[in-house]
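Note sheet for the following structure.
The values are calculated or read from the model by the stated rules, or taken from the named source; none is laboratory data. No experiment lies behind these values; they were computed from the predicted model shown. Note: ideal-geometry Cβ built from the backbone for every residue, glycine included; neighbour counts use all protein chains shown. Ligands, DNA and RNA are stripped out before the accessible areas are found, and what is left, the full protein with its side chains, is counted by its heavy atoms. Shrake-Rupley method; radii C 1.70, N 1.55, O 1.52, S 1.80 Å.
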Amino acid sequence: MINVGQFRSRTCGGPSRRAFLKLGASLPLVLGRPDLLSAGLSAGESGSGPRAKSVLVVWLWGAPSHLDTFDPKPDAPSEYRGPFSTIATRTPGVRFTDLLPRIASISDRFALVRSHVSTQPGHPDGGTVALTGFHEKPGPVQPNFGAIVARHRGRDGDLPGFLSVGRGIIQDSARIVEGYGGGTFGKAWDPFQVVVKNDGSVDLPALDLLEGITPGRISDRRSLLSQIDVGRRRLAAAGIDDWERAYQMAYGLLANPSAREAFDVTRESESTRQRYGYTHFGQSALVARRMIEARVPYVQLNWSQTVEAITPNFDFGWDTHIYNFEMLMDRHCPLLDRVLPELMNDLQERGLLEETLVVVMSEFGRTPKINPRAARDHWPQCYFSLWSGAGVPTGGTIGESDRLGEHPLTNPISPLMVGTTISELAGMTTKDRAELNVLPGGTLIDELF
Amino acid sequence: MNCSNAPCTPCPQVLPASRPMPLVLAVLVVLVVLAATTLEAADRQLTDDHRYKRDPVFLDANTLIYVVQARPEQLQLVQRDLKSGKQRPVHKDETRSELEPAVSPDGRFLAFLQSRSAASVGMVIEDLRQKKTAEIPPASGFSGMRSPAFSHDGKRVLYVFAEGGRQKIFSCTTSAGDRKVLVDASGICNWPSVSRDGRMLLYGSTRDGNYEIYRARASDGSGLRRLTRHKAQDVRPRFSPDGRRVVFVSNRDGNREIYVMGVDGSGVTRLTEHPERDDYPTWHPDGKRIVYVAERKGGFDLRIRDVP
């Protein structure tokens, strides 16, 4: 089921209701203009084809504890190690906590980096650094890795090049993450937001474009033009000046049934939807897989919109300043342990994993030493990521943390290296990055090549 | 053809025509139906909305209170009548998350956790008869209580609170006064449960490394005895109403399943077995059944099952 504007419409099966569109001030202006597209280089132009035709970043917003998940320290003192046992994985010599048995059973399908280092201990700043490679200040804010890949690739078909699947622009209780979108490229390169509910119904806020227009009325030119004028005035009032891009993108999605259907998880079998689980994250992951299948160049799958683990009106991110062990045991890890292996299996069974780079990451880790509230706080000095697909070597670890998980012992890996590596695997060269004036000074995580 | 004289080798042409077989088949069908009915009665689904759930507890023999994820941002307390199947929010207009409900033995008090502000959770004790509440607000900064439970006489509320990196068991009166430390051990304590006679206390603790279940005197936490000894997590112990058994959750067989054992830790018996998760068991007041949360086909529902 796809929600367009305020009303729901079904694109397959069951009763359908009329779909209306309305203009939203938060309209993301993604893609859609040929002259912009020509500014990007196709993958083929940069030499050999990209190893990763698509990139899927699973964004664990709020920062999971590395010690309680993928980098346990069972021999550390009790004030560090936490309450969980460890289990063997399919990677010799590598153990996870016993919260993640299913992920442990597929550890041979990904590379585990245990030596990430960031510099920003706060969520919005840390999120921007993790997603762009650079600090928010001094500005200007650099483009998200997704905007870089999307711009490099250009547009192919009616689907946007950079999708954010989840519940909207990521934020904490104070503000949004500046690095969520186009940065210096402009809002035209912001991600196309796909909002998924736990029953799998999808909201596409970008299609809130032309209030009063239904797909059936698009052919009614007089009505359409009338509504466009209304929409244009609203865009101007909202300070959004690139009407044409917005219009073309929305029109393309609205007018092309196959593009719309890509968002519709009701086209999946019931058993597939069950395997992902009827949770917001589970169904979001299924939408993300459909986007990869539709060859969207870059998809960011967000665990939550907000970081806070338990705070009124926030949607249970990984920021566990309290209840760290309870939340991980009761909710977060069981959910991740269901969805991530299913996503990986699904991509592999469909033959997509070879050409899709999957990166599971967050903005930082959490304090190795348990805090006074028997939980863990922010820790940018050491954290983890998982890399799979696109031919990256799997079944091993890259980098090692010290005996308490406080600092990398080897291979310190920065967010800039993450972005550079993602872009390289997605087909960009140093020259491509220089031409777009992005990721200056970035080096590669050599072990992933 | 006459097959009435033994020995006789049955043949397809004969069996359908013989008179005794329909009777045998009928008996078999009845037996199968009875067996199926018995199995169904032993483990029956109570809800079918598949939303994320946790923390069921009985208000009385016919009424459950539990937590459901009503919105992506909210865990909501829900009350369900088991006879009619009707359910309603416990606090209709509440938008903050509320979780981990506990009910006093006489059904007069409902204690639960309430999310107040950023990573800040308080405990509310609601007098359901007099329609008034007491509370322990969160401490300043990030802070939260956990796992409320009532004493056998319903006069005190046990709860868990962390300070100095140690997660301790406290108790207070139903008006949230006279707060005392009951258990202060290294590591993390959680899930207190008091026997109906008031003599014994169960709880989970990491004092020996990982989550294990311990028993102690309810009066002062002394007389500690370790009931489980396993490298996996043994969590969420609850006394049966007669105080003779303990239901708990463990991942010792690979994923979260529900187990029962004697109060001395003997006779551990697995009650559930499913590739998906079974968790949050609570005893029915009759002591013969438990209600629990079962993850099935990607959804979460309450189930009730007999305990042999």
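Return yes when B:Asp278 is within 19 Å of B:Asp49 (Cα to Cα) and within 16 Å of the chain's Cα centre (by Cα) and no when it is not.
Judged against the criteria, B:Asp278 is a match.
Whether any residue in the range B:190-211 is within 14 Å of chain A (Cβ to nearest Cβ) and within 21 Å of B:Ser120 (Cβ to Cβ) is what I want to check.
Among the residues of the range B:190-211, at least one is within 14 Å of chain A (Cβ to nearest Cβ) and within 21 Å of B:Ser120 (Cβ to Cβ), which makes the answer yes.
Going by the conditions given, is B:Ala232 touching a His at 6+ places or on another chain (Cβ under 8 Å) and within 14 Å of chain A (Cβ to nearest Cβ)?
Details: touching a His at 6+ places or on another chain (Cβ under 8 Å): no; within 14 Å of chain A (Cβ to nearest Cβ): yes.
No: the conditions fail for B:Ala232.
State which residue is farthest from B:Val121 (Cα to Cα) when the search covers only the range A:277-305 and only residues that are open to solvent by less than 10 Å² (accessible area, probe 1.4 Å) and among the hydroxyl-bearing types (Ser, Thr, Tyr).
Only one residue tops the list, namely A:Tyr298.
Basic (Lys, Arg), within 14 Å of another protein chain (Cβ to nearest Cβ) and surrounded by fewer than 21 Cβ atoms within 10 Å (Cβ to Cβ), is that true of B:Lys180? First the steps, then the outcome.
Numbers: basic (Lys, Arg): yes; within 14 Å of another protein chain (Cβ to nearest Cβ): no; surrounded by fewer than 21 Cβ atoms within 10 Å (Cβ to Cβ): yes.
Considered against the rule, which asks whether it is basic (Lys, Arg), within 14 Å of another protein chain (Cβ to nearest Cβ) and surrounded by fewer than 21 Cβ atoms within 10 Å (Cβ to Cβ), B:Lys180 comes out as no.
Could you please give the count of residues in the range B:192-236 that are surrounded by fewer than 17 Cβ atoms within 10 Å (Cβ to Cβ), farther than 21 Å from B:Lys288 by Cβ and acidic (Asp, Glu)?
2
Taking the condition more than 29 Å from B:Lys131 (Cα to Cα), touching a strand residue (DSSP E or B) at 6+ places or on another chain (Cβ under 9 Å) and of a type outside the set (A, V, I, L, M, F, W, C), does B:Thr173 pass?
Judged against the criteria, B:Thr173 is not a match.
Considering only residues of the range A:93-138 that are in a loop (DSSP other than H, G, I, E, B), over 18 Å from the mean Cα position of the chain (by Cα) and hydrophobic (A, V, I, L, M, F, W, C), which is farthest from B:Glu257 (Cα to Cα)? So that I can check it myself, show each step before the final result.
Quick first cut of the range A:93-138, residues in a loop (DSSP other than H, G, I, E, B) only: A:93-94, A:98-100, A:105-106, A:110, A:117-122, A:133-138.
From what's left, over 18 Å from the mean Cα position of the chain (by Cα): A:93-94, A:98-100, A:105-106, A:117-122, A:135-138.
Within this subset, residues satisfying the condition of being hydrophobic (A, V, I, L, M, F, W, C) are A:94, A:99-100, A:106, A:117.
Values: A:Val94: 26, A:Leu99: 14, A:Leu100: 15, A:Ile106: 22, A:Val117: 38 Å.
Filtering first and then ranking leaves A:Val117.
Scan (1) crowded, with 24+ Cβ neighbours inside 10 Å; (2) in contact with a strand residue (DSSP E or B) (Cβ under 6 Å, 6 or more places away or on another chain); (3) at the interface with chain A (Cβ under 9 Å from one of its Cβ atoms) for the single condition B:Val157 breaks and write down its number.
In the conditions (1) crowded, with 24+ Cβ neighbours inside 10 Å; (2) in contact with a strand residue (DSSP E or B) (Cβ under 6 Å, 6 or more places away or on another chain); (3) at the interface with chain A (Cβ under 9 Å from one of its Cβ atoms), B:Val157 misses (3) alone.
How many residues are more than 7 Å from chain B (Cβ to nearest Cβ) and closer than 13 Å to A:Ala375 by Cα if we restrict to the range A:310-325?
Of the residues in that region, 4 qualify.
Name the single residue that is modelled with the lowest pLDDT among those in the range B:204-263 being among the acidic types (Asp, Glu) and closer than 20 Å to A:Cys333 by Cβ.
So, considering only residues that are among the acidic types (Asp, Glu) and closer than 20 Å to A:Cys333 by Cβ, the one modelled with the lowest pLDDT is B:Asp253.
If a residue must be out of contact with any Asp or Glu (no Cβ under 7 Å at 6 or more places or on another chain), in a loop (DSSP other than H, G, I, E, B) and open to solvent by 30 Å² or more (accessible area, probe 1.4 Å), how many such residues does the range A:51-81 contain?
Of the residues in the range A:51-81, 4 are out of contact with any Asp or Glu (no Cβ under 7 Å at 6 or more places or on another chain), in a loop (DSSP other than H, G, I, E, B) and open to solvent by 30 Å² or more (accessible area, probe 1.4 Å).
So, of the residues in the range B:64-89 that are within 14 Å of chain A (Cβ to nearest Cβ) and assigned to a loop (DSSP other than H, G, I, E, B), which turns out to be most open to solvent (accessible area, probe 1.4 Å)?
Checked the range B:64-89; the qualifying residue most open to solvent (accessible area, probe 1.4 Å) is B:Pro72.
Can you tell me which residue within the range B:166-177, out of those that are in a strand (DSSP E or B) and open to solvent by 10 Å² or more (accessible area, probe 1.4 Å), is modelled with the lowest pLDDT? Even if it seems obvious, please write down each step before you answer.
Taking the range B:166-177 as the starting set, the residues that turn out to be in a strand (DSSP E or B) are B:166-173.
From the residues that got through so far, the ones that are open to solvent by 10 Å² or more (accessible area, probe 1.4 Å) too are B:166, B:168, B:170-171, B:173.
Details: B:Arg166: 91, B:Lys168: 96, B:Phe170: 98, B:Ser171: 97, B:Thr173: 98.
Only one residue tops the list, namely B:Arg166.
Just one of the numbered conditions (1) within 12 Å of chain A (Cβ to nearest Cβ); (2) crowded, with 21+ Cβ neighbours inside 10 Å is not true of B:Phe239; which one?
Unmet condition: (1).
Looking at A:Val358, is it open to solvent by less than 10 Å² (accessible area, probe 1.4 Å) and either assigned to a strand (DSSP E or B) or on the phi > 0 side of the Ramachandran plot (or both)?
In short, yes.
Does B:Gly122 count as out of contact with any His (no Cβ under 6 Å at 6 or more places or on another chain), open to solvent by 50 Å² or more (accessible area, probe 1.4 Å) and within 14 Å of chain A (Cβ to nearest Cβ)? Let's see the steps before the verdict.
On the way: out of contact with any His (no Cβ under 6 Å at 6 or more places or on another chain): yes; open to solvent by 50 Å² or more (accessible area, probe 1.4 Å): no; within 14 Å of chain A (Cβ to nearest Cβ): yes.
Spelling it out, it is not the case that B:Gly122 is out of contact with any His (no Cβ under 6 Å at 6 or more places or on another chain), open to solvent by 50 Å² or more (accessible area, probe 1.4 Å) and within 14 Å of chain A (Cβ to nearest Cβ).
Could you grab me the full set of residues in the range A:89-100 that are touching a strand residue (DSSP E or B) at 6+ places or on another chain (Cβ under 6 Å) and open to solvent by 20 Å² or more (accessible area, probe 1.4 Å)?
Within the range A:89-100, A:Thr89, A:Arg95 qualify.
State all residues of the range A:59-88 that are among the hydroxyl-bearing types (Ser, Thr, Tyr) and touching a residue at least 40 places away in the same chain (Cβ under 8 Å); if no residue qualifies, say none.
Answer for the range A:59-88, where residues must be among the hydroxyl-bearing types (Ser, Thr, Tyr) and touching a residue at least 40 places away in the same chain (Cβ under 8 Å): A:Ser65, A:Thr69, A:Tyr80.
All but one of (1) in contact with a helix residue (DSSP H, G or I) (Cβ under 8 Å, 6 or more places away or on another chain); (2) modelled with pLDDT of 70 or more hold for B:Gly85; which doesn't?
Tallying (1) in contact with a helix residue (DSSP H, G or I) (Cβ under 8 Å, 6 or more places away or on another chain); (2) modelled with pLDDT of 70 or more, B:Gly85 fails exactly one: (1).
Can you tell me which residue in the range A:82-92 is nearest to A:Phe325 (Cα to Cα), limited to those that are in a loop (DSSP other than H, G, I, E, B) and polar (S, T, N, Q)?
Checked the range A:82-92; the qualifying residue nearest to A:Phe325 (Cα to Cα) is A:Ser85.
Of all residues in the range A:157-204 being over 15 Å from the mean Cα position of the chain (by Cα) and among the small types (Gly, Ala, Ser), which is nearest to the other protein chains (Cβ to nearest Cβ)?
A:Ser173
If B:His152 satisfies all but one of (1) under 23 Å from the mean Cα position of the chain (by Cα); (2) within 14 Å of chain A (Cβ to nearest Cβ), what's the number of the condition it fails?
Failing condition for B:His152: (2).
Does A:Thr410 qualify as being free of Cβ contacts under 8 Å to residues at least 24 places away in the same chain, surrounded by fewer than 24 Cβ atoms within 10 Å (Cβ to Cβ) and either closer than 27 Å to A:Ile292 by Cβ or out of contact with any Leu (no Cβ under 6 Å at 6 or more places or on another chain) (or both)? Before you say what the answer is, go through the steps one by one.
Working: free of Cβ contacts under 8 Å to residues at least 24 places away in the same chain: no; surrounded by fewer than 24 Cβ atoms within 10 Å (Cβ to Cβ): yes; either closer than 27 Å to A:Ile292 by Cβ or out of contact with any Leu (no Cβ under 6 Å at 6 or more places or on another chain) (or both): yes.
In short, no.
Looking at the structure I just gave you, is A:Arg350 more than 8 Å from chain B (Cβ to nearest Cβ), more than 18 Å from A:Thr97 (Cβ to Cβ) and at pLDDT below 95? Don't jump to the end; show me each part of the working.
Details: more than 8 Å from chain B (Cβ to nearest Cβ): yes; more than 18 Å from A:Thr97 (Cβ to Cβ): yes; at pLDDT below 95: no.
For A:Arg350, the condition - more than 8 Å from chain B (Cβ to nearest Cβ), more than 18 Å from A:Thr97 (Cβ to Cβ) and at pLDDT below 95 - is not met.
Could you count how many residues in the range B:127-149 are more than 14 Å from chain A (Cβ to nearest Cβ), buried (at least 20 other Cβ atoms within 10 Å of the Cβ) and touching a Lys or Arg at 6+ places or on another chain (Cβ under 8 Å)?
Final tally of qualifying residues: 1.
Among the candidates A:Arg167, A:Arg114, A:Arg155, A:Arg102, single out the residue that is among the basic types (Lys, Arg), in contact with an Asp or Glu (Cβ under 8 Å, 6 or more places away or on another chain) and closer than 17 Å to A:Met291 by Cα.
A:Arg167
Given the conditions (1) of a type in the set (D, E, K, R); (2) free of Cβ contacts under 8 Å to residues at least 24 places away in the same chain; (3) within 14 Å of chain B (Cβ to nearest Cβ), report the number of the one that A:Arg338 does not fulfil.
The number of the failed condition is (2).
Out of all the residues in the range B:47-63, which are under 22 Å from A:Arg275 (Cβ atoms), acidic (Asp, Glu) and within 11 Å of another protein chain (Cβ to nearest Cβ)?
The one that is under 22 Å from A:Arg275 (Cβ atoms), acidic (Asp, Glu) and within 11 Å of another protein chain (Cβ to nearest Cβ): B:Asp49.
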